[in-house]
1. Look at A:V139 and say whether it is among the β-branched types (V, I, T), surrounded by fewer than 24 Cβ atoms within 10 Å (Cβ to Cβ) and either more than 28 Å from B:V67 (Cα to Cα) or modelled with pLDDT under 85 (or both).
2. Just one of B:P45, B:P37, B:P19 is more than 7 Å from every other protein chain (Cβ to nearest Cβ) and either over 30 Å from A:V69 (Cα atoms) or at pLDDT below 85 (or both); which is it?
3. For the stretch B:84-96, which residues satisfy the criterion of being more than 8 Å from every other protein chain (Cβ to nearest Cβ), part of a helix (DSSP H, G or I) and open to solvent by less than 100 Å² (accessible area, probe 1.4 Å)?
4. Would you mind finding the one in A:A208, A:A201, A:A186 that is free of Cβ contacts under 8 Å to residues at least 60 places away in the same chain, in a helix (DSSP H, G or I) and within 14 Å of chain B (Cβ to nearest Cβ)?
5. Of the conditions (1) part of a helix (DSSP H, G or I); (2) of a type outside the set (V, I, T); (3) open to solvent by less than 20 Å² (accessible area, probe 1.4 Å); (4) within 8 Å of chain B (Cβ to nearest Cβ), A:L178 satisfies every one except a single condition; which number is it?
6. Being in a helix (DSSP H, G or I) and open to solvent by 70 Å² or more (accessible area, probe 1.4 Å) narrows it down to one residue among A:L38, A:L10, A:L71, A:L19; which is it?
7. From the list A:F132, A:F107, exactly one residue is crowded, with 24+ Cβ neighbours inside 10 Å, modelled with pLDDT under 85, out of contact with any Asp or Glu (no Cβ under 8 Å at 6 or more places or on another chain) and not basic (K, R). Which is it?
8. Of the residues in the stretch A:397-416, how many are surrounded by 20 or more Cβ atoms within 10 Å (Cβ to Cβ) and free of Cβ contacts under 8 Å to residues at least 60 places away in the same chain?
Amino acid sequence: MSHADQPVLLFLHAWWSQLACALVIVALVPLLVAYVALVERKGMARLQSRMGPIDHDLKGLLESLASSVKLLLKEDIVPRDSDALLFWFTPIIPMAAALISLSGLYFGPAFRVAEDINIGILFVIGIGSLSFLGLLLGVGASNGHTSSDAIGSSAQIVSYGIVAALAIVSGVLLSGTLKIRAIVDAQLEHSVWFIFLAPVAFFIYCVASIPGAYRSPFHRHESECERKAWSMAGTGGLRLFLCLIGEYTNIIVVASVATTLFLGGWLRPFPNVHWLDGLDFAPAFLLVLATTYCIYKRKRAVALVCFIAVLIFLLPWILPSLSFAVPGLNGAFWFLGKVSAYIYMFIWLRIHLPRYRFDQHMHLSWQVLIPLAIVNLFFVGVAIFLEAELGWNRWLVTSVTTLFTLAVLGFLIRWHDQRIAAGTPALPSDSYVR
Amino acid sequence: MPANYFPVLIFALFVLAFPVAALLVFKFIRPESSDDPAGPQESVPDEEGKVHPPPSSRFYFVAVVSVIFSVATVFLLLWAIRYRAWVADHSGGVALVALSFFLAILLVGYIWLYKKGALEWTR
């Protein structure tokens, strides 16, 4: 070994786990995202009594790969009047922002890129929210539709970003820290997921994360009914592919933030109840159950994936020297399970609810959700004060303050409805509100 | 503490390399682009956006108001991080009064904005 190799080896020795995690995330997330899109299409098809993608092999499982390759091989069209530099950067920013914000997160107790960043969750939401700059740069396509849509979408995302941030402040109030690991440890220490101590904050974050991930029913960005993704009108092929990776990664980011802050991160249900320690075997057991079901239903491809997952989970039991990996694997199972449930909720909402008009969702954020989030923050603070300093019962305090917050919500909605009823009638379509 | 951000930097380089590599690699694989650069998409008249009126002044309101509320959120975040420690020091009541004072100022501003109609979209 030459002397010049020493720094490289030292570097690899110090950072190998971070490098491995980074490589896995960069390599796997685009693929995973393609399959989130496939699950969405299949789920929509199921709820609408259609078949969904079945054209390609393995019951449509190759559909995502096929459409990705199709996008990648398309002719690269640069509109004549576009600003070359802006147009080049437009697809990179949403994708890079969403993926980089993943690096601040923990996917289970062991799987992370960066160890204990001091501003943890603030880093994740801060970098993640930069992705709307990609929309704003859509102006570079020099296309009237794109610029008008870019401004409208940015206004919406900025408004709901404040709502989401205020909801996160309520969660941080409970944890008392911004570090991801410390937030989850705080939920272990208080032996309760923060969703139960601040249910209204979780609800507000749920609503605000929908436009944050450009999802129906609150998106102006990709309004299928009348505009059809104007902000991406000039982008095609590979650039559209990068934009879509950014959008779907954003879903994973908001779901992970909600999971970490409100749903207990990688903790199993009832982490402090020792007679439920058997739940530590639940991941392997559930995966075996899923494999059996898939074999019974003759879904061979899914069964194969489940079987590989089962092997990964059973490996530490066969080779005891690998048993240090058990908490990490179980944590990753619970974390990804909660994230998947959150993403499934997004898919479900997209199919079940009609899209809001632009003025309606701006009213919702500014006149209902922002005051509600501020009031909720105050009442969460009051609840902590009563419980920790005056020693009142936690559940009594939580339910009373939640009831107060819900009363404020009812008052805000009533007030808003009365003003709408008394004022001018709403415009017929948001395409008139520029 | 900056050392903790080093993996993030490496990760960011990986992420940024991904689209650049994809754009470069597929440039050689995909079919040749046509000679004529494409015009505007989706039947937009080629008149430098003349068909599109300038954006409504509402968007400027949203920009300014959202900056105010973002800064307020940052102050609230700092308060929220310290709050548990204050409660442990038995000075949570003082912290709550301070918060109420801050929120009252914010509320006055909010009501003023509301009266001015800055938060209305259909007027």
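1. Against the criterion (among the β-branched types (V, I, T), surrounded by fewer than 24 Cβ atoms within 10 Å (Cβ to Cβ) and either more than 28 Å from B:V67 (Cα to Cα) or modelled with pLDDT under 85 (or both)), A:V139 qualifies.
2. Among B:P45, B:P37, B:P19, only B:P45 is more than 7 Å from every other protein chain (Cβ to nearest Cβ) and either over 30 Å from A:V69 (Cα atoms) or at pLDDT below 85 (or both).
3. Of everything in the stretch B:84-96, just one residue is more than 8 Å from every other protein chain (Cβ to nearest Cβ), part of a helix (DSSP H, G or I) and open to solvent by less than 100 Å² (accessible area, probe 1.4 Å), namely B:W86.
4. A:A186
5. If we test A:L178 against (1) part of a helix (DSSP H, G or I); (2) of a type outside the set (V, I, T); (3) open to solvent by less than 20 Å² (accessible area, probe 1.4 Å); (4) within 8 Å of chain B (Cβ to nearest Cβ), just (1) comes out false.
6. It is A:L10.
7. A:F132
8. Of the residues in the stretch A:397-416, 2 are surrounded by 20 or more Cβ atoms within 10 Å (Cβ to Cβ) and free of Cβ contacts under 8 Å to residues at least 60 places away in the same chain.
The values are calculated or read from the model by the stated rules, or taken from the named source; none is laboratory data. Keep in mind it's a predicted model, so treat the numbers as computed, not measured. Using ideal geometry, Cβ is built from the backbone for each residue, glycine included, and neighbour counts are taken over all protein chains shown. Just so you know, the surface numbers come from the protein's heavy atoms only, side chains and all, with ligands and any DNA or RNA stripped out. Shrake-Rupley method; radii C 1.70, N 1.55, O 1.52, S 1.80 Å.
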